[in-house]
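Comments concern the structure below.
The values are calculated or read from the model by the stated rules, or taken from the named source; none is laboratory data. Predicted model, so just to flag it, every value in this text is computed and none were measured. Cβ: placed from backbone, ideal geometry, glycine included. Neighbour counts: every protein chain shown. These accessible areas exclude ligands, DNA and RNA; they are computed on the full protein's heavy atoms, side chains included. Shrake-Rupley method; radii C 1.70, N 1.55, O 1.52, S 1.80 Å.
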Amino acid sequence: MEAQPCRTDGSISPRLFTLFLFDRELRFLFLKYLLIFENSFKTVISHEFSRKYPKANSYLDIANYREDDPKGVLKQISILTKTIHDNVGAKGAIKHYIEDHGSVPLWVLVNYLTIGNLSYLYGALKDSEKNIIAKYYAEKYMKQYKNSKILRINSKDMESALKIFNLVRNQCAHDERLYNSDYKNIRVSNIANYLEITNYNNRRIVVAILYLKILLNKDYYKKFHSELNAIFKQYKNGFKTVSFEDILNIMGIDLLELDKLKN
């Protein structure tokens, strides 16, 4: 957990405390909307997998996953097995389905998985299932925004989105500093080019914003965008020794570019 910034005499530096409050607001905001996406993705991935492999416990069959990474697939299956084992004795859906039906549907099991687990599960799927899921989000975006420009999201884009969402989600949950995080070259050029964003830093939090624009439902993204700008407006005059423009630059954000994403 991130401690509040203090001087050597134990008092809190006003400048650092403002930055602390700003970053905390960002964490609250990102966590809220990442959880919304997470719930959506759980529905999509469980529906697609179960549609293709409808038999009970199909998600425990190595034949239903990619063939070029058996070690990774077995690790994923072990995570799913352990999740069932850890929850079968507690009150809840897993216990109910095991006792009454003898197996747990994937749409139930995914509710016990983290975004990190979901990221690995997606990575273990065959290319055909990965591409169908990516296509679902692309078509949903074009339909909601009534955009005639074709959006193509591939499996690598989805894997990058899940990676950055998992990293940010963990930071938010553990009260780690967000605004100046370096995420090490996250793939986002395809999405940025589609959105006509040219000034961005693919190592910074702006990457999560670009993916949220594409993957969140339109109404949710509009709320996210509005709340993000409200935070910026609230804190833009609160920094003295460092400019707010410098803070935005650290985040990889250009406000003119960000404004392109509001509609």
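Against the definition (among the polar types (S, T, N, Q), over 23 Å from Ser40 (Cα atoms), without any contact (Cβ under 8 Å) to a residue 24 or more places away in the chain and not in a loop (DSSP other than H, G, I, E, B)), how does Ser148 come out, yes or no? Write out each step before concluding.
On the way: among the polar types (S, T, N, Q): yes; over 23 Å from Ser40 (Cα atoms): yes; without any contact (Cβ under 8 Å) to a residue 24 or more places away in the chain: yes; not in a loop (DSSP other than H, G, I, E, B): no.
Against the criterion (among the polar types (S, T, N, Q), over 23 Å from Ser40 (Cα atoms), without any contact (Cβ under 8 Å) to a residue 24 or more places away in the chain and not in a loop (DSSP other than H, G, I, E, B)), Ser148 does not qualify.
Out of the helices (runs of 4 or more DSSP H) lying entirely within segment 33-130, which hold 2 or more residues that are open to solvent by less than 70 Å² (accessible area, probe 1.4 Å), free of Cβ contacts under 8 Å to residues at least 24 places away in the same chain and in contact with a Leu (Cβ under 9 Å, 6 or more places away or on another chain)?
Filter on segment 33-130 gives 70-87, 93-101.
Kindly indicate which of Ala230, Ala208 is small (Gly, Ala, Ser) and surrounded by 16 or more Cβ atoms within 10 Å (Cβ to Cβ).
Values: Ala230 fails: surrounded by 16 or more Cβ atoms within 10 Å (Cβ to Cβ).
Selected residue: Ala208, the only one of Ala230, Ala208 that is small (Gly, Ala, Ser) and surrounded by 16 or more Cβ atoms within 10 Å (Cβ to Cβ).
Quick check: is even one residue across segment 172-189 surrounded by 16 or more Cβ atoms within 10 Å (Cβ to Cβ), touching a helix residue (DSSP H, G or I) at 6+ places or on another chain (Cβ under 7 Å), assigned to a helix (DSSP H, G or I) and hydrophobic (A, V, I, L, M, F, W, C)?
Within segment 172-189, one or more residues are surrounded by 16 or more Cβ atoms within 10 Å (Cβ to Cβ), touching a helix residue (DSSP H, G or I) at 6+ places or on another chain (Cβ under 7 Å), assigned to a helix (DSSP H, G or I) and hydrophobic (A, V, I, L, M, F, W, C).
Pick out the one residue from Asn217, Asn202 that is buried (at least 18 other Cβ atoms within 10 Å of the Cβ) and either within 17 Å of the chain's Cα centre (by Cα) or modelled with pLDDT under 95 (or both). Working first, answer last.
Values: Asn217 fails: buried (at least 18 other Cβ atoms within 10 Å of the Cβ).
Result of the check over Asn217, Asn202: Asn202.
When segment 220-254 is examined, which residues are found to be closer than 14 Å to Leu26 by Cα, at pLDDT 95 or above and among the aromatic types (Phe, Trp, Tyr)?
Phe224, Phe232
Could you list, ordered by first residue, the pairs with Cβ atoms under 8 Å in which the first is in segment 190-203 and at negative phi and the second is small (Gly, Ala, Ser) and in a loop (DSSP other than H, G, I, E, B), at least 6 apart or interchain?
Short answer, once both residue conditions are applied: Tyr200/Gly252; Asn201/Gly252; Asn202/Gly252; Arg203/Gly252.
Taking the condition of a type in the set (Lys, Arg), open to solvent by 40 Å² or more (accessible area, probe 1.4 Å) and either in contact (Cβ under 8 Å) with a residue 12 or more places away in the chain or assigned to a loop (DSSP other than H, G, I, E, B) (or both), does Lys163 pass? Break it down into steps so the answer makes sense when it comes.
Values: of a type in the set (Lys, Arg): yes; open to solvent by 40 Å² or more (accessible area, probe 1.4 Å): yes; either in contact (Cβ under 8 Å) with a residue 12 or more places away in the chain or assigned to a loop (DSSP other than H, G, I, E, B) (or both): yes.
Yes; evaluated as a whole, the condition is true for this residue.
I'd like the full set of residues that are touching a helix residue (DSSP H, G or I) at 6+ places or on another chain (Cβ under 6 Å) and among the basic types (Lys, Arg), limited to segment 23-51.
Listed by number, the residues that qualify are Arg27, Lys42.
If you take the residues of segment 191-214 that are assigned to a helix (DSSP H, G or I) and in contact with a Ser or Thr (Cβ under 9 Å, 6 or more places away or on another chain), which of them is nearest to Asn154 (Cα to Cα)? Reasoning before the result, please.
Quick first cut of segment 191-214, residues assigned to a helix (DSSP H, G or I) only: 191-194, 206-214.
Checking the rest, the ones that are also in contact with a Ser or Thr (Cβ under 9 Å, 6 or more places away or on another chain) come to 191-192, 207, 211.
Working: Ile191: 10, Ala192: 14, Val207: 16, Tyr211: 13 Å.
So the residue we want is Ile191.
Among the residues of segment 233-254, which ones are closer than 24 Å to Arg187 by Cβ and open to solvent by less than 90 Å² (accessible area, probe 1.4 Å)?
Restricting attention to segment 233-254, the residues satisfying the condition of being closer than 24 Å to Arg187 by Cβ are 248-254.
Scanning segment 233-254 gives Leu248, Ile250, Met251, Gly252, Ile253, Asp254.
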